[in-house]
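A quick write-up on the structure given underneath.
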Amino acid sequence: MIEVRHMKKNFGELEVLRDVNVHIHPGEVVCVIGPSGSGKSTFLRCINQLETATSGEVLYHGENILDKKYDIRKFREEVGMVFQRFNLFPLKTVLENVMLAPVLTKHKSKEEAKRLAMELLEKVGLETKADAYPAMLSGGQQQRVAIARALAMQPQALLFDEPTSALDPELVGDVLNVMRDLAKEGMTMIVVTHEMGFAKEVADRVIFMADGYVVEEGKPSEVLENPKEERTKTFLSRFLTA
Amino acid sequence: MNIQFYQTILPMLFSGIKLTFMIAIIGILIGIVIASLCGFVLQSNFKIIKIFVEAYIWVIRATPIMVQALYVYYVIPKLIGLDFKANTVGIIVIALNSGAFMSEIIKGALLSIDPGQKEAAVSLGLSNFQTMIHVVIPPAFKIALPGLFNQFIISVKDTALLSVITVNEATHQAQNYAALSFQAIPTYTVLAVFYLVIISVLIILQKWVEKKMG
């Protein structure tokens, strides 16, 4: 469904992605783990072109979306993103946050968008907060709104960029539960995360990235419990003792 | 002070006040348009246009508005061989001057919006234009508002300086009347009260708008 080929990304002299090749299949949940600075977030952001990859290809249903002729908005309408810092629109209510994109991209009329938004807010457990403003919500609630906002575009896949890293520990669970439900419903997801428990339980595949490369990938039981590469072992052991 | 005084000063001042209002309102409105365009350019990547915009702001900030008025009224017409009416020059000067200062305010407000908001908007499939209109401008406007109102107030008061280029706005009319009638105390008192009242209206309006926007 999404195939990344030979992706490279330099920030000036700094090579953040050196040669990344990843193939995501429909319905698959892929967790990307690795030390900070390994390029995980950049990898995600180069897929929907919040950053422009220096070279390489991203094939979406066989079409290279990094091609200048491709209208990236089409891809972004179909593949949503959830950010570490939620990035809700502060002057809009929860409901308006969720309704905005479907209405503006003309996928839905106002009434339809509202009905869908309320449904999605119910799904993430926040239907009572529809008229609240983001600043009135906890981090975990904001992130669930952000997920509802991404779902309002009825995406084919979702990209999660460390969705629980900015949350207080006791709020992480609610967000992970929502993501777990999405995975069960068959949503295609790429999740950059430090939540090893979540990766172990929900991921179909785990990708370990370091120094701009995919060092190791496979089933969670393989990568997380019996890593082959030395680099993966060191990372995971630090993680467990931390 | 007698009835006759008020019968002469008030109509004179009133015509001056009308002109003050007209120049201030039209000048500031054009200034807002200039500032919106320039403020947008300043925070964008249009390198060459940016140099021109920066030069314009530099010149306006580095010269007194009175000198700007004298220059546009007495020098530029000679250079380009065109004559402008004093009132037109007044509007141009207020527009160019307020436009430059408001450009900086608008640039600052646009830059203060968290880039994450824009990323969230475009990652939902919004165009850059839609992102600007629906996601960036509303909070930026809220941030810019106190600075913009401050400039409105300064610009209304700056119209008084246009008396040097013979614009018959309120201050110029008052000066004329005071010189003819030797009634300096009541004339300038009425003038001062006039400015106090309209600026107070602006200040109250600002508080009301800010409260309304929460």
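The values are calculated or read from the model by the stated rules, or taken from the named source; none is laboratory data. Worth saying up front: this structure is predicted, and the values here are computed from it rather than measured. So basically every Cβ, Gly included, is an ideal-geometry build from the backbone, and we count neighbours across all protein chains shown. What goes into the accessible areas is simple: the full protein's heavy atoms, side chains included, and nothing from ligands, DNA or RNA. Shrake-Rupley method; radii C 1.70, N 1.55, O 1.52, S 1.80 Å.
Kindly check whether there is at least one residue in the stretch A:91-103 that is at pLDDT 95 or above, open to solvent by 20 Å² or more (accessible area, probe 1.4 Å) and farther than 27 Å from A:Leu176 by Cβ. Yes, there is a match, as at least one residue in the stretch A:91-103 is at pLDDT 95 or above, open to solvent by 20 Å² or more (accessible area, probe 1.4 Å) and farther than 27 Å from A:Leu176 by Cβ.
Residues that are open to solvent by less than 20 Å² (accessible area, probe 1.4 Å) and either under 18 Å from A:Gln143 (Cβ atoms) or within 8 Å of chain B (Cβ to nearest Cβ) (or both) within the stretch A:75-85 comprise A:Gly80, A:Met81, A:Val82, A:Phe83, listed in sequence order.
Here's the yes/no breakdown for (1) within 14 Å of another protein chain (Cβ to nearest Cβ); (2) over 17 Å from B:Ala24 (Cα atoms):
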| residue | (1), (2) |
| --- | --- |
| B:Tyr74 | no, yes |
| B:Pro77 | no, yes |
| B:Leu82 | no, yes |
| B:Ile91 | no, no |
| B:Ala100 | no, no |
| B:Ile105 | no, yes |
| B:Leu110 | no, yes |
| B:Gly116 | yes, yes |
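All of B:Ile28, B:Ile92, B:Ile49 fail the test of being open to solvent by 60 Å² or more (accessible area, probe 1.4 Å) and under 30 Å from B:Met132 (Cβ atoms), apart from B:Ile49.
Kindly indicate which of B:Phe40, B:Phe52, B:Phe14 is without any contact (Cβ under 8 Å) to a residue 12 or more places away in the chain, within 30 Å of B:Pro138 (Cβ to Cβ) and assigned to a helix (DSSP H, G or I).
From the options B:Phe40, B:Phe52, B:Phe14, the qualifying one is B:Phe52.
Filtering the stretch A:1-20 to residues that are farther than 25 Å from B:Val122 by Cα and open to solvent by less than 70 Å² (accessible area, probe 1.4 Å) leaves only A:Asp19. In the stretch B:74-83, the count of residues that are touching a residue at least 12 places away in the same chain (Cβ under 8 Å) and open to solvent by less than 60 Å² (accessible area, probe 1.4 Å) is zero. On the stretch given as the stretch A:86-111, residues that are facing chain B (nearest Cβ under 7 Å), assigned to a loop (DSSP other than H, G, I, E, B) and under 13 Å from B:Lys118 (Cα atoms) total 3. Considering the stretch A:39-51, the residues that are assigned to a loop (DSSP other than H, G, I, E, B) and free of Cβ contacts under 8 Å to residues at least 40 places away in the same chain include one that is surrounded by the most Cβ atoms within 10 Å (Cβ to Cβ), namely A:Leu50. For first residues located in the stretch A:193-218 and on the phi > 0 side of the Ramachandran plot, partners that are of a type outside the set (A, V, I, L, M, F, W, C) and open to solvent by 60 Å² or more (accessible area, probe 1.4 Å) and lie 6+ apart or on another chain with Cβ distances below 7 Å form the pairs A:Gly212/A:Glu15; A:Gly212/A:Arg18.
Residues satisfying the criterion are present in the stretch A:128-136 (criterion: open to solvent by 40 Å² or more (accessible area, probe 1.4 Å) and either under 18 Å from the mean Cα position of the chain (by Cα) or over 27 Å from B:Ile137 (Cα atoms) (or both)).
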